[in-house]
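Before any comments, here is the structure.
The values are calculated or read from the model by the stated rules, or taken from the named source; none is laboratory data. Quantities reported herein were computed from a predicted structural model and do not represent experimental measurements. Cβ atoms come from the backbone with ideal geometry, glycine included; neighbour counts cover every protein chain shown.
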Amino acid sequence: MKVSVIIPVYNGKNYIKQSINSALKQTYKDIEVIVIDDFSNDGTYEYVLNEFINEVNLGKVKIFRNEKNMERSYSRNFGFKVSQGEYVFFLDCDDEWKTNYIEETIKNFNNSDIVYSIPRTFINKNSKILRVSKRKYSKDINELVFSAQIAYPSATAFKREKFIYFNEN
């Protein structure tokens with residue numbers, strides 16, 4: 001089963017390499033990484049092309065650039081439209097995953113249409129751990145819907161046929 005990892009980015013040249021590498025180094029291997037540059041003005045688009053030219057040529061990384069700044073919701077929706085995976089994951093350009101994140105998430109799909117993970121670690125630019133989130137939630141989706149946590153895209157994965165587009169307004 002193919003997995004699509006969609007990474008929207010705006011002026012993320014300083015972080016994007018780590019994000020893309022965390023997707024490419026997953027233990028689950030049937031992955032396409034789709035980078036949507038939202039008309040960055042810091043050279044992000046060119047940096048990704050140069051840094052990942054081999055992966056681009058192999059089709060492992062696909063990069064697109066918006067013609068003007070359209071914001072993250074548009075970029076995520078566009079990424080979904082050009083993706084091919086049965087499962088769709090979103091990864092922000094300044095986030096990273098553990099190497100088994102996709103594999104473990106797919107195991108949790110079973111009869112669910114969406115998987116949402118809560119624990120995360122906050123690390124500064126010097127790789128120092130600042131804080132580890134240890135929140136626990138019940139399995140009641142209503143609790144998540146009405147919490148601030150549900151809006152964390154890098155912790156969310158969807159079955160393709162159940163994806164609900166992000167609000168672009």
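Determine, yes or no, whether Ser22 is surrounded by 15 or more Cβ atoms within 10 Å (Cβ to Cβ) and farther than 20 Å from Arg160 by Cβ.
Spelling it out, Ser22 is indeed surrounded by 15 or more Cβ atoms within 10 Å (Cβ to Cβ) and farther than 20 Å from Arg160 by Cβ.
List, please: which pairs have Cβ atoms under 7 Å, are six or more places apart or on different chains, and start with a residue in the stretch 1-22 that is in contact (Cβ under 8 Å) with a residue 60 or more places away in the chain and closer than 15 Å to Phe158 by Cα and end with one that is in a loop (DSSP other than H, G, I, E, B) and acidic (Asp, Glu)?
Within 7 Å, the pairs are Met1/Asp30; Met1/Glu86; Lys2/Asp30; Lys2/Glu86; Val3/Asp30.
Filter the stretch 61-97 down to the residues that are assigned to a loop (DSSP other than H, G, I, E, B) and charged (D, E, K, R) and list them by number.
Glu67, Lys68, Glu71, Glu86, Asp92, Asp94, Asp95, Glu96, listed by residue number.
Mind checking whether some residue in the stretch 3-25 is aromatic (Phe, Trp, Tyr), part of a loop (DSSP other than H, G, I, E, B) and under 13 Å from Asp95 (Cβ atoms)?
yes
All but one of (1) surrounded by fewer than 20 Cβ atoms within 10 Å (Cβ to Cβ); (2) aliphatic (A, V, I, L, M); (3) modelled with pLDDT under 95 hold for Leu91, so report the exception by its number.
(1)
Starting from residues that are among the aromatic types (Phe, Trp, Tyr), touching a residue at least 24 places away in the same chain (Cβ under 8 Å) and over 21 Å from Ala155 (Cα atoms), keep the ones in the stretch 25-66 and report whichever is surrounded by the most Cβ atoms within 10 Å (Cβ to Cβ).
Phe52
Taking Tyr28 as the residue in question, decide whether it is hydroxyl-bearing (Ser, Thr, Tyr) and part of a helix (DSSP H, G or I).
It is false that Tyr28 is hydroxyl-bearing (Ser, Thr, Tyr) and part of a helix (DSSP H, G or I).
Please go through (1) of a type in the set (A, V, I, L, M, F, W, C); (2) out of contact with any helix residue (DSSP H, G or I) (no Cβ under 6 Å at 6 or more places or on another chain); (3) closer than 25 Å to Lys162 by Cα; (4) at pLDDT 90 or above for Leu58 and return the number of the only condition it doesn't satisfy.
Tallying (1) of a type in the set (A, V, I, L, M, F, W, C); (2) out of contact with any helix residue (DSSP H, G or I) (no Cβ under 6 Å at 6 or more places or on another chain); (3) closer than 25 Å to Lys162 by Cα; (4) at pLDDT 90 or above, Leu58 fails exactly one: (3).
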